[in-house]
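Visitor: Got a structure for you, written out below as structure tokens; questions coming shortly.
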Amino acid sequence: AWAQSDPNRYTAFQLQQFRPDGDPKGFFQTHASSSLGQWKLAVGFWMHYSLDPLFLVSSVTGQEQALMSHQLGGDLQIGLGVLSWLDIGLTLPMSLTQVGRMPVLDVLETSSGRELSGFAMGDLRIRARLQLLKQQPFGIDLALLPYLGVPTGNAARLNGEGGVSGGATAI
């Protein structure tokens with residue numbers, strides 16, 4: 001009901017769902033539970049491409065209409081080991097280029113027909129890694145990765161949540 005009260009909220013989400021961790025000890029999307037180590041720095045840049053990441057299907061005709069046909073994204077990541085058991089990381093996602101347009105529909109009001117193409121910044125993500133247990137002497141590694149998303153993205157171009165977001169992962 002909240003989303004329906006304002007047509008501009010229809011596009012307040014992050015279309016790019018690939019969210020690399022940037023962990024040099026992990027693998028691709030797998031997180032490592034061990035920290036970087038005190039004053040260790042990790043810097044990375046990921047690039048990714050999506051073909052037809054978003055389209056609408058008419059409930060009447062069943063016809064598909066692409067909203068976004070191409071999206072080339074990038075994620076700049078910086079991580080710092082603050083303590084032997086604590087890392088802080090920043091991720092700045094962006095769409096380097098994307099091609100799309102909102103459909104022309106009365107229900108979208110001011111969003112109807114809006115151009116989505118071009119460069120757009122995503123929401124800044126701030127994360128921490130708290131290493132709670134180490135394999136030596138406990139026999140198991142355990143870590144907690146809380147994150148906070150700050151609304152710095154361009155929600156009008158499907159690159160931002162339009163508000164603060166957050167969550168946590170146990171590893």
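Visitor: Which label belongs to the value computed from this structure, given these candidates for P(r) over Cα pairs in 10 Å bins from 0, in percent: (1) 11, 41, 39, 9; (2) 10, 32, 28, 18, 10, 3, 0; (3) 9, 31, 33, 20, 6, 2, 0?
Guide: Here P(r) over Cα pairs in 10 Å bins from 0, in percent agrees with entry (2).
Visitor: Also, I was wondering about something else. Only four residue types carry charge here, +1 at the Cβ of Lys and Arg and -1 at the Cβ of Asp and Glu. Report the dipole size of region 104-171 about the Cα centre in Debye, rounded to the nearest 20.
Guide: I would put it at about 420 debye.
Visitor: GNM on the chain, C-alpha springs below 10 Å: top fluctuator among GLY89, GLY73, GLY118?
Guide: Top of the fluctuation ranking is GLY118.
Visitor: Please give the contour-minus-distance gain from ILE78 to LEU51: 0.36 nm per residue of separation, less the Cα-Cα distance, rounded to one decimal in nm.
Guide: Full-extension gain reported as 7.0 nm.
Visitor: Summing -39500 (n - 2.57) over the DSSP H runs of n ≥ 4 in the chain and dividing by its residue number, what mean residue ellipticity at 222 nm do you reach, to the nearest 500 deg cm²/dmol?
Guide: Details: 1 runs with 4 residues, N = 171.
Helices in the chain give a 222 nm mean residue ellipticity of -500 deg cm²/dmol.
Visitor: Once phi is turned into ³J(HN,Hα) by the Karplus curve 6.51 cos²θ - 1.76 cosθ + 1.60 with θ = phi - 60°, what whole-Hz value does each residue of region 81-98 show in order, with x for glycine and proline?
Guide: Values per residue, Gly and Pro as x: x, 7, 10, 5, 10, 9, 10, 10, x, 10, 10, 10, x, 8, 9, 5, 7, 8 Hz.
Visitor: What percentage of the solvent-accessible surface of the chain, computed with a 1.4 Å probe over protein heavy atoms, is contributed by carbon and sulfur atoms?
Guide: Here it works out to 62 percent.
Visitor: If you don't mind, there's one more thing I want to ask. Determine the per residue accessible area of region 25-171 with all protein chains present and a 1.4 angstrom probe, expressed in square angstrom.
Guide: Values: 8240 Å² over 147 residues.
In whole numbers, region 25-171 has 56 Å² accessible per residue.
Visitor: While we're looking at this one, here's another question. At R0 = 25 Å, how high is the FRET efficiency between ILE126 and LYS40 if r is their beta carbon distance? Nearest 0.05 is fine. Intermediate results must be reported in sequence, preceding the final value.
Guide: On the way: r = 18 Å, r/R0 = 0.72.
That pair, ILE126 with LYS40, gives E of 0.85.
Visitor: Can you give me the long-range amide H partners of LEU67? Hydrogens built in the peptide plane at 1.01 Å from N, cutoff under 5 Å, separation of 5 or more residues or another chain.
Guide: LEU54, PHE55, LEU56
Visitor: Between VAL150 and HIS70, what length in nm is gained on full extension when 0.36 nm per residue of separation is reduced by their alpha carbon distance?
Guide: My answer for the length gained is 26.3 nm.
Visitor: Now, a different point. Give, rounded to the nearest 20 debye, the magnitude of the charge dipole that the chain has about its Cα centre when Lys and Arg contribute +1 at Cβ and Asp and Glu contribute -1 at Cβ.
Guide: Approximately 500 debye in magnitude.
Visitor: Run the numbers on the chain and let me know its relative contact order in percent, using alpha-carbon pairs under 8 Å that are six or more apart. Spell out each step's value before the answer.
Guide: Values: 436 pairs, mean separation 37.0, N = 171.
For the chain, the relative contact order is 22 percent.
The values are calculated or read from the model by the stated rules, or taken from the named source; none is laboratory data. These numbers come from a predicted model, not from an experiment. FYI the Cβ positions are ideal-geometry reconstructions off the backbone, even for glycines, and counts take in every protein chain you see. The accessibility values were calculated without ligands, DNA or RNA, using every heavy atom of the protein model including side chains. Shrake-Rupley method; radii C 1.70, N 1.55, O 1.52, S 1.80 Å.
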